[in-house]
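The values are calculated or read from the model by the stated rules, or taken from the named source; none is laboratory data. For clarity, every value in this text was computed on a predicted model and none was experimentally measured. Positions of Cβ are backbone-derived with ideal geometry, glycine not excepted, and every protein chain shown enters the neighbour counts.
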Amino acid sequence: MKETEYHKLSETELSIVILAKEEKENLVQLIPELKKTLDSLALRYEILIIDGNSSDGTIPAMERLGCKAVSQDQKGYGSAMIQAINLARGEYVLTMDADFSHDPQFVHHLCAKRDQGGLIVASRYVDGGKAEMPFIRLVLSRILNITFSRVLSLPLKDISSGFRLYSRSVLQDILPLQSKDFDILQEILIKTFCYGWKVLEVPFSFRPRHKGRSKARIISFGIAYLRTLRRMWQLRNSAFSCDYDSRAYNSRIPLQRYWQRKRYSIVMGYISQHTRILDVGCGSSKIIQSLPAAVALDIDLKKLRYLKATNPFVLKGSLAALPFDDGRFSTVICSEVIEHISKDPRMFEELKRVLSPGGELIIGTPDYASLWWRIFEWGYSKVLPMAYAEQHISHYTGKELEGILQGLGFIILDKKYIAGSEIIFKARKQP
């Protein structure tokens with residue numbers, strides 16, 4: 001089939017991507033078996049081969065079998081993967097090896113799960129999974145996967161499996177990708193998780209390659225796998241990660257853990273009306289997760305995706321223009337939000353507008369009049385340089401915020417500090 005004919009296919013549902021180098025002997029047996037499975041799925045599909053400049057005639061052989069086959073543009077496994085992502089046109093993209101270590105019949109099981117997550121992983125290391133490989137390679141693989149999972153606090157077992165099914169929406173969301181080697185597998189998976197997409201592991205039996213020798217080298221694979229660990233650790237522990245706020249509640253850093261739990265205690269203790277609650281700029285905090293009937297509003301889709309497991313009422317929106325009728329809520333929470341937004345009196349007017357008469361506002365922010373806060377913020381920026389410190393663009397003092405609230409007619413009911421640094425007000429809108 002010519003390339004022009006592929007572009008005539010409308011709304012391709014599934015793209016099968018195979019990265020290959022000197023794999024003609026395996027591919028000529030794999031493709032017919034793969035097609036049998038694909039035909040049974042009744043999906044409109046394409047098979048895309050990215051060939052690493054093989055000398056065995058892979059490209060013409062694949063074209064004769066009805067595949068789209070192109071030469072790899074740049075060196076490296078990661079570069080080939082990026083090229084494939086850009087060329088694939090399916091609503092879903094499935095990646096697999098050319099050497100029969102990935103059973104073509106298992107494609108059916110992955111596709112059957114396609115609506116259950118943004119990324120479905122054929123996992124060797126979850127219960128029911130199996131890996132038939134040389135002992136040393138197996139040990140190194142397990143060590144590397146356990147290291148990544150624990151260091152990055154990921155609830156996943158197999159981070160290096162290349163047998164995966166992606167939603168097109170996920171791949172578009174996580175671009176651009178930086179890795180050029182095998183570490184692209186970890187970058188894709190970790191970014192998918194950090195962007196709030198569900199990652200589902202399905203037990204799978206990995207088997208030895210059918211013919212030929214593996215192109216992966218254990219040492220280079222391990223180096224590529226580990227060199228991305230620091231970069232992914234920074235992403236995982238940054239405010240950019242979907243579950244940053246939630247993880248902070250159980251942080252390994254004592255001060256951060258204390259801070260989050262103290263904020264949680266104060267805010268939850270201030271809630272006196274447990275109906276019609278709105279949390280503005282909710283993030284993925286323990287606060288909003290403890291209020292399943294509340295409306296969770298945030299500008300960040302990643303955080304909202306993460307909250308779907310605990311909060312059914314999530315909405316993307318901005319404090320500058322809250323998408324609610326006047327007087328809609330009896331309690332509005334706005335914790336650790338206003339310092340991230342340029343100072344504008346209209347956002348306080350919005351908070352007041354959506355509150356019912358006699359409703360209560362719980363609002364907190366760092367007090368930049370506090371020497372202790374400035375010390376804490378400086379230290380925090382050194383420990384977690386990609387966390388919130390650099391995003392604090394508006395510096396309020398406790399006295400300033402109190403004046404703003406009183407100027408809008410709020411009655412200050414109470415105020416409390418966390419470590420003499422962050423101030424939280426409870427205020428009532430006059431009836």
Test result for Ser394, out of contact with any Gly (no Cβ under 6 Å at 6 or more places or on another chain), of a type in the set (Ser, Thr, Tyr) and in contact (Cβ under 8 Å) with a residue 12 or more places away in the chain: yes
When only residues in region 165-187 that are farther than 14 Å from Arg227 by Cβ and surrounded by 23 or more Cβ atoms within 10 Å (Cβ to Cβ) count, which is farthest from the chain's Cα centre (by Cα)? Leu165
Among Ala248, Ala216, which is the only one that is surrounded by 18 or more Cβ atoms within 10 Å (Cβ to Cβ) and either at pLDDT below 75 or not assigned by TED's automatic domain parsing to the domain that holds Phe148 (or both)? Ala248
Meets criteria (within 29 Å of Asp51 (Cβ to Cβ), exposed (fewer than 15 other Cβ atoms within 10 Å of the Cβ) and out of contact with any helix residue (DSSP H, G or I) (no Cβ under 7 Å at 6 or more places or on another chain)) for Leu110: no
Residues in region 136-174 that are of a type outside the set (A, V, I, L, M, F, W, C) and not in a loop (DSSP other than H, G, I, E, B): how many? 14
Would you mention how many residues in region 412-431 are among the hydrophobic types (A, V, I, L, M, F, W, C), closer than 10 Å to Ser370 by Cβ and touching a residue at least 60 places away in the same chain (Cβ under 8 Å)? 1
With the requirement that a residue be outside any strand (DSSP E or B) and either farther than 15 Å from Glu360 by Cβ or hydroxyl-bearing (Ser, Thr, Tyr) (or both), what does region 407-431 give you? Gly407, Ala419, Gly420, Ser421
Within region 251-273, does at least one residue satisfy the condition of being at pLDDT 95 or above and part of a strand (DSSP E or B)? no
Pairs please, first residue from region 329-358 and over 12 Å from Asp279 (Cα atoms) and touching a residue at least 40 places away in the same chain (Cβ under 8 Å), second anywhere and of a type in the set (Ser, Thr, Tyr) and buried (at least 17 other Cβ atoms within 10 Å of the Cβ), Cβ atoms under 6 Å, 6+ apart in sequence or on different chains. Ile338/Thr365; Glu339/Thr365; Ser356/Ser330
Hey, Leu140 modelled with pLDDT under 95 and assigned by TED's automatic domain parsing to the domain that holds Val93 or not: yes
Scanning region 236-250 residue by residue, those within 18 Å of the chain's Cα centre (by Cα) and in a loop (DSSP other than H, G, I, E, B) turn out to be Asn237, Ser238, Ala239, Phe240, Ser241, Cys242, Asp243
Based on this model, can you work out whether Pro357 counts as at pLDDT below 95 and either out of contact with any helix residue (DSSP H, G or I) (no Cβ under 7 Å at 6 or more places or on another chain) or in the same structural domain as Met232 (by TED's automatic domain parsing) (or both)? no
Can you tell me which residue in region 46-82 is nearest to Lys130 (Cα to Cα), limited to those that are within 22 Å of the chain's Cα centre (by Cα) and of a type outside the set (A, V, I, L, M, F, W, C)? Gly78
Which numbered condition trips up Gln186, out of (1) in a helix (DSSP H, G or I); (2) modelled with pLDDT of 95 or more? (2)
Within region 158-198, can you find the residues that are under 24 Å from Glu13 (Cβ atoms) and of a type in the set (Asp, Glu)? Asp173
Going through region 363-393 in order, the residues found to be within 15 Å of Lys343 (Cβ to Cβ), loosely packed, with under 14 Cβ neighbours inside 10 Å and modelled with pLDDT of 80 or more are Ile393
Can we say Leu371 is in the same structural domain as Ala293 (by TED's automatic domain parsing) and within 27 Å of Leu301 (Cα to Cα)? no
Do we have Leu322 as more than 20 Å from Ser265 (Cα to Cα), crowded, with 17+ Cβ neighbours inside 10 Å, touching a residue at least 60 places away in the same chain (Cβ under 8 Å) and aliphatic (A, V, I, L, M) here? no
Take the residues of region 324-362 that are more than 31 Å from the chain's Cα centre (by Cα) and among the polar types (S, T, N, Q): which is farthest from Lys286 (Cα to Cα)? Ser356
